[in-house]
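The values are calculated or read from the model by the stated rules, or taken from the named source; none is laboratory data. Computed from a predicted structure; not experimentally measured. Note that each Cβ is placed from the backbone with ideal geometry, even for glycine, and that neighbours are counted across all protein chains shown. Heads up: the accessible areas ignore ligands, DNA and RNA and are worked out on the full protein's heavy atoms, side chains in. Shrake-Rupley method; radii C 1.70, N 1.55, O 1.52, S 1.80 Å.
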Amino acid sequence: MMSAGTTEVGAAPRSGWEGSAAVECEGPQRSTLIPGPLSPAEPVHSWRGLMLDSARTCWDVEVVHELLDLMSRYRLNRLHWHLTDDSGWRFAVPGYERLSEVGARLPRPNYGGYDNVLPAKRELAARLSQSRDLHGQYTADEIAGVVDHARRLGIEIMPEVDLPGHMAAAIRSYPELGDPRLRDVDPAQWNHPNDLLWPSDASFDFLTAVLRTVMDLFPFSAVHLGGDECKYWIWESDPDLVARFGDGGEPAGTLRPLPAGVAPMSLSQSGPGSGSSGLGPRLQTHFTDHARSVLAERSRRPAAWDELLGSSTTGDELIVAWRHGAGASSALESGNDWIYADCAHLYLNRVADDPETEPPGMFGTITPRGIIELEIPESPTLRGIQAAVWTEFILDREHLHHQLFPRLLAVAERAWCGADVEWEEFAPRLEAETAWLRTQGVLPATEPRPS
């Protein structure tokens, strides 16, 4: 799907609009979405972000460039780029060629287990995916072009490598990284998920190579380490692993020594029981500490989803609080810097209207007005807000834009102006800008008919 050299550095924006609006950008400044009379000159939030999932649908690099232009128009200044997950691995790592040969070309997963999408819509997406090439990998040159384009627009890109969970694409490529009980078993016959890295020299060496490559590709000061949805019970169900490291108290053996100057964090115990002993958080902490030590080689900061706070942390992590309610609460209590990204309000892969008439999308309707009027906790450690678009059921540019616009405009307005936005004042500007997006081909020229 990826085609090297499709982006000319210095080329004009792809859809006809001019340069950028972010205060860091080179060239002339421009205003946000048709500013209202009370729009502040400076943003309320320094982090005004969007997360794009390229692990499930590998977006053509031109789609990413176009999205950067649109983000710039609305003064969004952070692209959180989700590049690895169970469904795909989207950049090459020297010495690990099978990530390109296998991890980047996995068949589309069966999303039949998703019960938060109408079955008919889920089946429609499954049928459509069979006729489309959704695989691929970004070349180093393509990533360099995206990073440079973003820089010129005043946008910084935070890459994400999800660890130690959501590693199925890497484990499919290199089975020795995952559960040794499944190493010689055909993935179609796995009797439990195999998406957790196993504590081994091979895994730690792999992470070192991956993170050094990421730092070569992306200059941003933070690298997102994922840390979400780790299935602790898989580690804890392995008698050999428990024999090596204990059930969560003091280990029976020892973990691989950390590099000099990096000490393991203190461990919080959660009691015995599959999936709830202290072993899972302790192993996750060790993987995180190893990643932290690699990032420290170039003074990079770890970022992570809010579940990381269930293991031991140092306080230097930037937390992206996505779980509804619980994410913001845990981030507030932690004292870490954090980003508000509540899934119930800012996950734009959720439907914008009646699921029966919308393209395939997850339940939990999110409207522009709801975004403008949402209540965000006040906190001195809050650095900003971020929307997200996950792409299990989003297969093409038109559907991606349908999910993002015009709701992303409300995110941008809220990120710039804070809570001081009145829907009645904002709505006419939103309507006018949505009409402009139709003239530019970002949205269909006319309102789509119900489907």
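The table that follows gives values for the structure above.
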read-out: Any hit, segment 211-225, residues being open to solvent by 30 Å² or more (accessible area, probe 1.4 Å), farther than 15 Å from residue 293 by Cα, at pLDDT 95 or above and part of a helix (DSSP H, G or I); value: yes
read-out: Candidate set: segment 226-239, residues that are of a type in the set (Gly, Ala, Ser) and at positive phi; chosen: the one surrounded by the fewest Cβ atoms within 10 Å (Cβ to Cβ); value: 226
read-out: Candidates 200, 173 - the one that is hydroxyl-bearing (Ser, Thr, Tyr), farther than 15 Å from residue 93 by Cβ and in contact (Cβ under 8 Å) with a residue 24 or more places away in the chain; value: 200
read-out: Extreme residue, farthest from residue 349 (Cα to Cα), among residues of segment 115-151 that are modelled with pLDDT of 95 or more and among the polar types (S, T, N, Q); value: 139
read-out: Answer from 262, 294 - the residue that is of a type in the set (Val, Ile, Thr), at pLDDT 90 or above and either open to solvent by less than 60 Å² (accessible area, probe 1.4 Å) or more than 29 Å from the chain's Cα centre (by Cα) (or both); value: 294
read-out: Test: residue in segment 319-330 that is over 23 Å from residue 444 (Cβ atoms), at pLDDT below 95 and either in contact with a Gly (Cβ under 6 Å, 6 or more places away or on another chain) or not in a helix (DSSP H, G or I) (or both); value: yes
read-out: Of the criteria (1) modelled with pLDDT of 95 or more; (2) small (Gly, Ala, Ser); (3) more than 27 Å from residue 211 (Cα to Cα), which one residue 304 fails; value: (3)
read-out: Cross-chain or 6+ apart pairs with Cβ under 8 Å, segment 326-337 first and under 8 Å from residue 309 (Cβ atoms), then in a helix (DSSP H, G or I) and open to solvent by less than 10 Å² (accessible area, probe 1.4 Å); value: 330/306; 331/306
read-out: Long-range neighbours under 7 Å by Cβ, at least six apart or interchain, first residue at positive phi within segment 76-102, second assigned to a helix (DSSP H, G or I) and open to solvent by 10 Å² or more (accessible area, probe 1.4 Å); value: 95/209
read-out: Residue count for segment 393-408, restricted to those that are among the aliphatic types (A, V, I, L, M) and either surrounded by fewer than 23 Cβ atoms within 10 Å (Cβ to Cβ) or touching a Phe, Trp or Tyr at 6+ places or on another chain (Cβ under 6 Å) (or both); value: 2
read-out: Selection status of residue 154, surrounded by fewer than 17 Cβ atoms within 10 Å (Cβ to Cβ), modelled with pLDDT of 95 or more and of a type outside the set (A, V, I, L, M, F, W, C); value: no
read-out: Residue that is in contact with a strand residue (DSSP E or B) (Cβ under 8 Å, 6 or more places away or on another chain), touching a residue at least 24 places away in the same chain (Cβ under 8 Å), in a loop (DSSP other than H, G, I, E, B) and closer than 30 Å to residue 428 by Cα, where the choices are 384, 364; value: 364
read-out: Hits in segment 71-88 (condition: of a type outside the set (Lys, Arg) and part of a helix (DSSP H, G or I)); value: 71, 72
read-out: Segment 329-351, residues that are among the polar types (S, T, N, Q) and open to solvent by 20 Å² or more (accessible area, probe 1.4 Å); value: 329, 330, 334
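Yes/no per residue for (1) acidic (Asp, Glu); (2) open to solvent by 10 Å² or more (accessible area, probe 1.4 Å); (3) touching a strand residue (DSSP E or B) at 6+ places or on another chain (Cβ under 6 Å); (4) in a strand (DSSP E or B):
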site: 353; (1), (2), (3), (4): yes, yes, no, no
site: 358; (1), (2), (3), (4): yes, yes, no, no
site: 376; (1), (2), (3), (4): no, yes, yes, no
site: 391; (1), (2), (3), (4): no, no, yes, no
site: 410; (1), (2), (3), (4): no, no, no, no
site: 416; (1), (2), (3), (4): no, no, no, no
site: 420; (1), (2), (3), (4): yes, yes, no, no
site: 426; (1), (2), (3), (4): no, no, no, no
site: 431; (1), (2), (3), (4): yes, yes, no, no
